[in-house]
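Here's the structure, in structure tokens; my notes come after.
The values are calculated or read from the model by the stated rules, or taken from the named source; none is laboratory data. Predicted model only: the values in this text are computed from it and were never measured. Please note: Cβ atoms are built from the backbone with ideal geometry, for glycine as well, and neighbour counts cover all protein chains shown.
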Amino acid sequence: MAKEPRHVGVIAPPFPSHYQALQALAVTLMERGHRVTFIGQPDAVRWLGEPRIGFHAVGHASHPPYSLERTLRLAANPGGPQGLRRLITELARTTNMLCREVPEALQTLGIDALLCDQMEAAGGLVAEDAGLLYISVACALPVNREPGIPLPVMPMAYGQGLRFSRMYDGSERVYDAVTRPLRRVIADNANAFGLSPRDGLHDCLSPYAQISQTVPGFELPRRALPAHFHHVGPLRAPASPQDELDFPVMEDQPLVFASLGTLQGHRFRVFKRIARACRRLDAKLLLAHCGGLSAAQARSLEREGATWVTDFAPQRAALARADVAVTHGGLNTVMDALSARTPMLVLPIAFDQPGVATRVVHAGVGLRASPTFASSRALARKLNDLLNGSRYIAPLDRLGLEVDAAGGAPAAADIIERVLTESGPAGRMGCI
């Protein structure tokens, strides 16, 4: 373990699920005597719920207060190609700002090492430029590329053989074309720092240690992950009494828990089809919209078939009681569902959610459906299959055991402390 307390900085995209996972890891490190400071645009501090964690704001001129709202709107509703292009341009602008301003912050704060979310390339770039140790953390699906494995953002099934390989190669070319603004920013900043050429997020990962919230059994059949890649399962804070489910659900009533996450909780029409599907099955529905709906919309969903509609519900407790989970495919929710042995109906909307849905189906722990085109009748058929299908039990138990044994935040903290301990003065070491 680390011989002395260190000051660890955290660089992450300003999205709630990423901050939530990294905050759990930060608290674990602080309980071991380390100091942790998140570095980001001023508005991102809103996602930190633990007052002991430090926050250092950068980008006051280019990313002033309230500017994060634009990024969140684009992320929640990227729309067609133009909207997606605007979102990628916005993310590239943030990466560029961090590459310009974080180096000075590292010196001001006296940072010893960085935790770098895989989805924010600036972390690895500035750490390497500063000669700092850094650990890459995959809060979403890992961005590590590998032949024969589809990119997480691509909505395609997994298969083997020449046809699938060609399809995956073609989809990578499409992705690289769409993300050209971000790739250009990464390449330009790597060049400005005097680093070797970089062409994307996958070129900015740590050579010391890489940590993922997944487990091997949930992944597609990978063969080329680096030796210093570690699956630790979900990064979560310990459950508290406030996490108990207080909805009066009888044990003999089938219960569906539905949530589309914080960024997608405004999707009233999707929720309405879910509610109607549950009414067709005479199943109870606990629906959490994460503050995305109005009171009038919530009441409308109750008339459509939802039993309880709330802004937030204690997710782990809800999943432990639910017979089926309906989710957008956020990795946090899916890992919690696996731990609860709850089968899933995944309605992937954006980001890595298509890749999560592919893995849910491939692992045999759930089904997927289109959030746009699946009717309430089609959703009801899939929910009925999940409620009554015994074929999900064994895969869920196997993966649930794997998630429970993965180690989570304490295991990730062990890896980080080994990196800090076993590195020489210049940060040179073997991989961990």
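Inside region 254-312, counting only strands (runs of 3 or more DSSP E) that do not spill past its ends, which hold 1 or more residues that are in the same structural domain as Val324 (by TED's automatic domain parsing) and touching a residue at least 40 places away in the same chain (Cβ under 8 Å)?
Per the criteria, 255-259, 308-310.
Output the residues belonging to region 167-186 that are closer than 25 Å to Ala113 by Cβ and surrounded by fewer than 20 Cβ atoms within 10 Å (Cβ to Cβ).
Across region 167-186, there are no qualifying residues.
Report yes if Val326 is modelled with pLDDT of 95 or more, in a helix (DSSP H, G or I) and not assigned by TED's automatic domain parsing to the domain that holds Met156, otherwise no.
When the stated conditions are applied, Val326 does not pass them.
Among the residues in region 234-245, are any at pLDDT 95 or above and of a type in the set (Asp, Glu)?
no
What number of residues within region 49-74 are more than 27 Å from Ala192 (Cα to Cα), among the aliphatic types (A, V, I, L, M) and touching a helix residue (DSSP H, G or I) at 6+ places or on another chain (Cβ under 6 Å)?
Looking only at that region, the number is 2.
Pairs under 8 Å by beta carbon, first residue buried (at least 23 other Cβ atoms within 10 Å of the Cβ) in region 12-27, partner in a helix (DSSP H, G or I) and among the charged types (D, E, K, R), six or more apart or different chains?
Pro14/Asp43
Does at least one position in region 353-362 carry a residue that is modelled with pLDDT of 95 or more, within 18 Å of the chain's Cα centre (by Cα), closer than 28 Å to Gly148 by Cα and part of a loop (DSSP other than H, G, I, E, B)?
No - not one qualifying residue is present in region 353-362.
So, in region 326-339, of the ones that are in contact with a Leu (Cβ under 6 Å, 6 or more places away or on another chain) and not acidic (Asp, Glu), which residue ends up surrounded by the most Cβ atoms within 10 Å (Cβ to Cβ)?
Leu338
Filter region 28-38 for residues that are part of a helix (DSSP H, G or I) and in contact (Cβ under 8 Å) with a residue 60 or more places away in the chain; which is surrounded by the most Cβ atoms within 10 Å (Cβ to Cβ)?
Checked region 28-38; the qualifying residue surrounded by the most Cβ atoms within 10 Å (Cβ to Cβ) is Leu29.
When you go through (1) closer than 24 Å to Asp311 by Cβ; (2) without any contact (Cβ under 8 Å) to a residue 40 or more places away in the chain; (3) of a type in the set (Gly, Ala, Ser) one by one for Ser165, which number turns out not to apply?
So the condition that Ser165 fails would be (1).
With the requirement that a residue be in contact (Cβ under 8 Å) with a residue 40 or more places away in the chain and within 26 Å of Val8 (Cβ to Cβ), what does region 55-91 give you?
The answer is His56, Val58, Gly59, Leu68, Thr71, Leu91.
Yes/no matrix, rows are residues, columns are (1) surrounded by fewer than 18 Cβ atoms within 10 Å (Cβ to Cβ); (2) more than 30 Å from Ala412 (Cα to Cα):
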position	(1), (2)
Arg73	yes, yes
Pro78	no, yes
Leu87	no, yes
Ala92	no, no
Cys99	no, no
Leu106	no, no
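Answer with yes or no whether Pro155 is in contact (Cβ under 8 Å) with a residue 60 or more places away in the chain and either in contact with a Phe, Trp or Tyr (Cβ under 7 Å, 6 or more places away or on another chain) or not in a loop (DSSP other than H, G, I, E, B) (or both).
The answer is no for Pro155.
Let's see how each residue does on (1) small (Gly, Ala, Ser); (2) over 20 Å from the mean Cα position of the chain (by Cα):
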| residue | (1), (2) |
| --- | --- |
| Ala237 | yes, no |
| Pro254 | no, yes |
| Leu260 | no, no |
| Val270 | no, yes |
| Glu304 | no, yes |
| Ala322 | yes, yes |
| Val326 | no, no |
| Gly329 | yes, no |
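What about Ala192, is it among the aliphatic types (A, V, I, L, M) and not in a loop (DSSP other than H, G, I, E, B)?
In short, yes.
Between Leu338, Leu379, Leu386, Leu420, which is part of a helix (DSSP H, G or I), modelled with pLDDT under 95 and either touching a strand residue (DSSP E or B) at 6+ places or on another chain (Cβ under 9 Å) or assigned by TED's automatic domain parsing to the domain that holds Gly131 (or both)?
Matching residue, one of Leu338, Leu379, Leu386, Leu420: Leu420.
Test Glu4 against the criterion of being of a type outside the set (Phe, Trp, Tyr), under 22 Å from the mean Cα position of the chain (by Cα) and part of a loop (DSSP other than H, G, I, E, B), and give yes or no.
The answer is no for Glu4.
Do we find that Asn189 is polar (S, T, N, Q) and more than 19 Å from the chain's Cα centre (by Cα) in this structure?
yes
Looking only at residues that are surrounded by 15 or more Cβ atoms within 10 Å (Cβ to Cβ) and of a type in the set (Asp, Glu) in region 383-402, which one is farthest from the chain's Cα centre (by Cα)?
Looking at the filtered set, the residue picked out is Asp385.
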